[in-house]
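Just so it is clear, none of the values below were taken in a lab; they were calculated from the coordinates. Computed from a predicted structure; not experimentally measured. Don't worry about glycine lacking a Cβ; one is built from the backbone with ideal geometry, like all the others, and counts go over all protein chains shown.
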Amino acid sequence: MARPNNPPPLISLPEARAIIEGAIAYAREANLRMAVVVVDHAGNVVSADRMDGAALQNIRFAEGKAFASALYRQTTEELGALYKSRPDRYFGIMNMYPGKIYLVGGGVPLAVDGQLVGGVGVAGLPEGVDEKSARAGIAAWMKLRGTMKK
């Protein structure tokens, strides 16, 4: 007998805000400016922020990173490496979603109990620091989840 399909768990607005606030706190501590976007499992924006002084295009870049990490369930750092190891796949991904995906480090998938719930993308920080900021946001989210009722 087939099991019913359970809908994927959702990421709530308060959870998305916790991720964003954690990522912003990380950037603020380093006196840096950036944008951060949280998307759901389908790549739809749940919440987004651009810090004062961050470049306008960073919000689009952050959304492209969040979308890619949710869709492909990998960091955008890993996906960007396909440019060298699997250029056919890299360009295939870029051509499937023109203007929607940004394969540069800073996008990280979000999972709960091994099930994808979305992605977070950070843009505007030095190379390698975008992902650290995203992971600081994820740590804040995990802390919040630990205090939530089960």
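Quick notes
- The Cα-based radius of gyration and maximum Cα-Cα distance (Dmax) for region 17-58 are 10.7, 33 Å.
- Span from the region 131-145 Cα centroid across to the region 40-82 one, whole angstrom: 15
- Mean Cα-pair separation over length for region 13-147, i.e. relative contact order, pairs under 8 Å, 6 or more apart, %: 33
- Charge context of residue 51, other residues only, Cβ under 14 angstrom, K/R +1, D/E -1: -2
- Fully extended contour minus Cα-Cα distance, from residue 44 to residue 83, at 0.36 nm per residue: 11.5 nm
- Shown here is the pair-distance distribution of region 109-150: with all Cα-Cα distances grouped in 5 Å bins from zero up to the longest one, the shares run 6, 21, 25, 23, 14, 7, 3, 1 percent.
- Around residue 140: net Lys/Arg minus Asp/Glu count, Cβ-Cβ under 14 Å: +2
- For the chain, the spread of Cα coordinates along the three principal axes comes to 52, 41, 22 Å, biggest extent given first.
- Summarised as an ellipsoid, region 54-118 has semi-axes of 18, 17, 10 Å, derived from the eigenvalues of the Cα gyration tensor scaled by 5 and square-rooted, with the largest first.
- Dipole of the chain, positive direction: furthest Cα of 98, 43, 31, with charges on the beta-carbon: 43
- In a DSSP loop and with at most 11 other Cβ atoms within 10 Å, the GluC sites (Glu not before Pro) in region 64-131 are 127.
- Structure remark: mean-square fluctuation, Gaussian network model of the chain, C-alpha springs under 10 Å; the largest value among 28, 50, 60 belongs to 28.
- Here the Karplus curve 6.51 cos²θ - 1.76 cosθ + 1.60, taken at θ = phi - 60°, turns the phi angles of region 87-92 into couplings of x, 4, 5, 4, 5, x Hz, with x standing for Gly and Pro.
- Taking 69, 12 and counting other C-beta atoms within 10 Å, the order from fewest to most: 12, 69
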